[in-house]
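Below is one structure, written out as structure tokens; comments come after it.
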Amino acid sequence: MWPLKLSFLAAALGIAYAFGCALWVLRQPRGGDALQAPYRAIREGAAAFIQVQYGTIAAVGAAVFLLLWALPQFGLTTALGFALGGVGSATAGILGMAVAVRANVRTATAAQTNVARALKIAYRSGSVTGFLLGSLALAAVSGFYLFLRAGPEPDNLTPLAGLGFGASLVSIFGRLGGGIFTKAADVGADLAGKIEQGIAEDDPRNPAVIADNVGDNVGDCAGMAADVFESYTVSLAASVLVASRLSAEPVFQHYPLALGSAALLAQLLGSQFLWLLKNAGVGFALLRAVTISIGFTAFSYYWIGEQLLQAHPEWKNALFGTALIGLGVGLGLVVNTAYFTSPRFRPVQRIAAASCQGHATNLIAGLAVGMQSTAFPTLLVAAGVVGAHQLAGIYGIAIATTALLALTPIVTAIDAYGPVADNAAGLVEMAHLPKAVRTGTDALDAAGNTTKALTKAFTIGAAGLAALTLIVAYKLEFGVRAANLNFSLDDPYVVAGLFLGALLPFEFSGLALDAVGKAASRIVEEVRRQFRDNPAILTGQAKPDYAQAVAILTRSAILGMMAPGLLPILAPVAAACIAPWLPPGSMALLVGGMLLGSVTAGLILALSMGTGGGAWDNAKKYIEAGHFGGKGSAAHHAAVTGDTVGDPYKDTAGPAINIMSKALSLVAVLLAPLLH
């Protein structure tokens, strides 16, 4: 049982470190009066949105909890797992965002005298989110696993899927709601302010500027945290579930939990190396800390195998190899994204050059780059799946996924750093602080944009692998219940399911993008109305009504997240309702095909959207740096259009697609008894 003790110890240390970082950040000075008004507006707007969003999620979650409890196929145990997963996800996201919205003003204040200290504040704020969610996920899965093993049915670990489903429900609504809010605010602020009025980004005259900064927190911090928490929880739970179906020996169930524990401890150590690199640039310092953490993590994986698998020497090298494959896939995804989204390389420069011919050519080039960017990561994931299977069978696929997602704390830390740095730059602009201060916060913000693009590729690829692990768990559920089911490609129900599953990511993305478009239209109309009714806003003699823009976006985001959020839940439920009227096992085969179609099509579509959106964004920045006419040129106007289209691609629909695939798979695992 020592792996479980190690899990609880590592989780406790991670939570203690997160709270230590939070207390340190909150002790830093908040700065002068000029920063306080926009800071309070951002903090209050974020709190108001989170209250409405999580109130809605809680209402839906309570209904699902009661339904799971009432149905005899699930019962109280599964319902409790569902509640634990949901509460853990919400806690990590809300607490992380609460620190982030308080760290922005402290980062802006520190940047006035010491950029290195500002970096430290922003990074430690991100560490609160990263290490808190990594620790809570590990503690939740380990604790619930121990609870199940001590219960009346110690061999029935299927309720672990309920734990993942709870995290998925919060994740899909959190990512969608936050993504719709932040990108509608971004698009609306750009269209009505930057394009129509020619005012700069983060200009305090723009009524949507506070909503834009609020969106950075609710989307890129709270929403992202819910997403990664779900992926990590699902990978741990699915790995334990797969191990329980393949072997009666507890050591294989403990192994993924031990990997997560060792990785967390390794990253607690590796994250400290950021402060030793005094002469490095901001982006290099962040990525160097991540690289060192990955090195420590890889060593910890070897140590865990040596300690835990002494009675199974034939498995030590095989499972260590699958863990390295998982890390390799993650690094490959990041390198691919860096190539396709960095202004230093040809793809972004090609989009920038295409902008000289107009808006249409910019959009065509961006779409082409997004599609082309999927080739290498798709081949990499395919090779990783085959390699892991060759080494350790389907259990190897699960371990490769867990090994990759065990990097959650450090990866999330540098991702959650981004919105803090972005907000700090915005606060400096709104407070009209000297240009030298803005230069420092711009350097922090630029590093944040780089890390967000790279970690987005990590989360999309990791989520796709986690969904594949769930498909394995789904098939094993039927291996226990009905050995006569054959998930073969010549079965018409499997083929039909493949088509239906491939359709779902496109319908889901369409609903999400439509929600962003509608919300952005409302905010554009509101900004225009304020400019029209009060011309003194544009001259700087009157303040805009920031709260009205936040309120409009809150209502739009909550309404917009419902339809796409319910889609992956209702699809397998509909199959379960139809199952009694069709030949036995037919719906089980159809849903199995649906899961595979959803994961494969969804992974490629999400990669295309995420990378294409990032390339559009950096093509605009490349032109703003002085290429092809610079700011205000015709090429720049076309690039702004591409960036505006790419925003909901990379920050709303793209990241949420694989959450949809995981939610679909989790519901299918839970409904397995009703599908056969």
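The values are calculated or read from the model by the stated rules, or taken from the named source; none is laboratory data. Given the structure is predicted, the values throughout are model-derived calculations rather than measurements. Don't worry about glycine lacking a Cβ; one is built from the backbone with ideal geometry, like all the others, and counts go over all protein chains shown.
Descriptive notes on the structure:
- When Leu265 is tested against (1) at pLDDT 95 or above; (2) surrounded by fewer than 21 Cβ atoms within 10 Å (Cβ to Cβ); (3) of a type outside the set (Gly, Ala, Ser); (4) under 23 Å from Lys456 (Cα atoms), exactly one condition is not met: (4).
- Considering His627, His676, His637, the condition of being surrounded by fewer than 22 Cβ atoms within 10 Å (Cβ to Cβ) and modelled with pLDDT under 85 is satisfied by His676 alone.
- Leu391 aliphatic (A, V, I, L, M), over 26 Å from the mean Cα position of the chain (by Cα) and modelled with pLDDT of 90 or more: yes
- Residue pairs whose Cβ atoms lie under 6 Å apart, sitting 6 or more positions apart in sequence or on different chains, and linking a residue in the range 538-560 that is without any contact (Cβ under 8 Å) to a residue 40 or more places away in the chain to a partner that is loosely packed, with under 15 Cβ neighbours inside 10 Å and part of a helix (DSSP H, G or I), are Ala542/Ala536.
- Figure legend. Inter-residue proximity from the range 60-85: first residues in contact (Cβ under 8 Å) with a residue 24 or more places away in the chain, second residues surrounded by 19 or more Cβ atoms within 10 Å (Cβ to Cβ) and not in a helix (DSSP H, G or I), beta-carbon distance below 7 Å, spacing 6+ or different chains. Indicated pairs: Leu68/Phe74; Thr77/Pro159; Thr78/Pro159; Gly81/Pro159.
- Pick from the range 315-367, criterion within 24 Å of the chain's Cα centre (by Cα) and small (Gly, Ala, Ser), ranking: nearest to Trp303 (Cα to Cα): Ala323
- Residue check for Arg350: surrounded by fewer than 24 Cβ atoms within 10 Å (Cβ to Cβ) and either modelled with pLDDT under 90 or acidic (Asp, Glu) (or both): no
- Cross-chain or 6+ apart pairs with Cβ under 6 Å, the range 185-200 first and touching a residue at least 60 places away in the same chain (Cβ under 8 Å) and within 11 Å of Leu553 (Cβ to Cβ), then part of a loop (DSSP other than H, G, I, E, B) and among the hydrophobic types (A, V, I, L, M, F, W, C): Ala185/Ala208; Gly188/Ala208; Ala189/Ala208
- Of all residue pairs spaced 6 or more apart or on separate chains, those with beta-carbon atoms under 6 Å, a first member in the range 354-381 that is more than 13 Å from Val645 (Cβ to Cβ) and a second member that is polar (S, T, N, Q) and surrounded by 19 or more Cβ atoms within 10 Å (Cβ to Cβ) are Ala354/Asn362; Met371/Ser608; Ser373/Thr611; Thr374/Ser608; Phe376/Asn336; Pro377/Asn336.
- Residue in the range 210-225 that is farther than 30 Å from Leu405 by Cα, touching a residue at least 24 places away in the same chain (Cβ under 8 Å) and surrounded by fewer than 22 Cβ atoms within 10 Å (Cβ to Cβ) present: no
- Within the range 1-18, the set of residues being free of Cβ contacts under 8 Å to residues at least 24 places away in the same chain and either within 30 Å of Met561 (Cβ to Cβ) or small (Gly, Ala, Ser) (or both) comprises Ala16 only.
- Number of the condition not met by Asp514 [criteria: (1) more than 27 Å from the chain's Cα centre (by Cα); (2) without any contact (Cβ under 8 Å) to a residue 60 or more places away in the chain; (3) part of a helix (DSSP H, G or I)]: (1)
- If you go through the range 366-398 and keep only what is touching a Gly at 6+ places or on another chain (Cβ under 8 Å) and either within 13 Å of Gly612 (Cα to Cα) or among the hydroxyl-bearing types (Ser, Thr, Tyr) (or both), you end up with Gly366, Leu367, Val369, Gly370, Met371, Ser373.
- Exactly one residue out of Ala311, Ala318 is among the aliphatic types (A, V, I, L, M), part of a loop (DSSP other than H, G, I, E, B), over 30 Å from Thr611 (Cβ atoms) and out of contact with any Lys or Arg (no Cβ under 8 Å at 6 or more places or on another chain), and it is Ala311.
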